[in-house]
Amino acid sequence: MNYQKILETIYSQIKEGENQGATATYIPELSKVDPEKFGVNLTTVNNQSFGVGDTRDKFSIQSIAKVLTLCLAYQLRGESIWKRLGYEPSGTAFNSLVQLESDQGIPRNPLINAGALVICDILMSALGDAREEFLQFVRDIAGNASISYSEHIVESEKSAGFVNIALCNYIKSFGNIHNDCDDVLDFYFKMCSIELTCEELSQTFLFLANGGRKTLPSKPLLTPSQVKRTNAIMQTCGLYDESGDFAFRVGLPGKSGVGGGIVAVYPGHYCIAVWSPKLNKKGNSYRGMKFLEEFTTLTEMSIF
Ligand code: GLU
């Protein structure tokens, strides 16, 4: 399979078409990003890397980081995490409050904001310094010690973080947040603010295509069962309220973020990361969705 040629063909085709949608505005810093940025990178489980466009520009991975907090909590606490949250798609917006009332403060899954807040709380109880140790976890997987939180994105999100503040306090009222809400929110905003390039993102998530093992150097991060379940959650819940559409059109487990990134894994083969900041109505990258759909159609490779 000539991945480089396929990436370039689809890239130029999509770049010629219209760039619909709008950058996220509810986090003021994200609205300042150049909407024409567009990068793609694919890393195979044999560590071959192929890229096109703005593949070495850093961008805010936002919700994509929720998969990494989930993996660390899963690694540390095993199946007991499922007492605190579920693994069903919510069918509502990523920041919705509505189901928490009937579900008694148990979020539907770890990839919506409510669930990610509970995962942050689990990590804060499990670790001495969750912010530092989570960052170290990401740096280790990525093999890159320069990865960091972005303070200006954190501040920007905090300045308008009313819904997340409400979510955290509401969950705490049911007893499902054990730490101080301000502290949990600070960690949540920080983990969402991590900046990676497409190249780094496809390298970082490669272990999910590789049976839970990081490749360089080889190291197990999750058990095969945990990897199966993490990928299943990405498949069913990773693209907000558009996860079914993503499964239908792309056919790979994936996760998107409001920074315009989408990462997808083809177990046993590769991890692919796409970044284009303009989002469709469901909050997913317009060009990112198009690119991945074309990619799995042209290569005739998907999990289905
Ligand atoms: N930090 C963002 C928020 O809480 C993440 C949203 C996303 O990327 O879906 O609103």
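Structural remarks
- Residues whose amide H falls under 5 Å from that of residue 177, counting only those 5 or more places apart or on a different chain, are 172, with hydrogens built in the peptide plane.
- Under 14 Å from residue 172, Cα to Cα: aspartates and glutamates that are on another chain or at least 8 residues apart: 101, 103, 121, 180, 182, 183
- Computed 3J(HN,Hα) for segment 59-67, one whole-Hz value per residue from the Karplus formula 6.51 cos²θ - 1.76 cosθ + 1.60 where θ = phi - 60°, is 9, 7, 7, 6, 4, 4, 5, 4, 5, glycine and proline marked x.
- Among the listed pairs 83/281; 5/190; 37/282; 37/190; 58/158, those whose Cα-Cα separation exceeds 30 Å are 83/281; 5/190.
- Straight-line cross-link reach from residue 219 at under 18 Å between alpha-carbon atoms covers these lysines, not counting any fewer than eight positions away in the same chain: 228.
- In this structure, the amide hydrogen of residue 238, modeled 1.01 Å from its nitrogen in the peptide plane, lies closer than 5 angstrom to those of 254, counting only residues at least 5 positions away or on a different chain.
- The chain - percent relative contact order, Cα under 8 Å, separation 6 or more: 28 percent
- With helices as the sole contributors, the chain gives -13500 deg cm²/dmol at 222 nm; each DSSP H run of n ≥ 4 counts as -39500 (n - 2.57), and the sum is divided by every residue.
- Phi-based couplings in Hz for segment 221-237 (Karplus 6.51, -1.76, 1.60; Gly and Pro marked x): 10, 9, 6, x, 5, 5, 5, 4, 6, 5, 5, 5, 5, 4, 4, 8, 10
- Integer Hz, Karplus 6.51/-1.76/1.60 couplings in order for segment 181-190, x for Gly and Pro: 4, 4, 5, 4, 5, 4, 5, 4, 5, 5
- Listed residues 145, 93, 73, most fluctuating in the chain (Gaussian network, C-alpha, under 10 Å): 145
- Whole-Å distance, taken between Cα centres, linking segment 1-39 and segment 237-304: 13 Å
- Loop sites in segment 198-304: GluC sites (Glu not before Pro), DSSP, at most 13 other Cβ within 10 Å: 300
- Percent RCO, i.e. relative contact order, over segment 55-161, from Cα pairs under 8 Å lying at least 6 residues apart: 24 percent
- With every protein chain in place, segment 237-304: carbon and sulfur % of accessible area (1.4 Å): 52 percent
- Each other residue within a Cβ distance under 15 Å of residue 217 adds +1 if Lys or Arg and -1 if Asp or Glu, for a net charge of +3.
The values are calculated or read from the model by the stated rules, or taken from the named source; none is laboratory data. Source: prediction; values computed, not measured. All Cβ positions, even for glycine, are placed from backbone atoms using ideal geometry, and neighbour counts span all protein chains on display. To get the accessible areas, we keep the full protein, side chains included, count just its heavy atoms, and leave off ligands, DNA and RNA. Shrake-Rupley method; radii C 1.70, N 1.55, O 1.52, S 1.80 Å.
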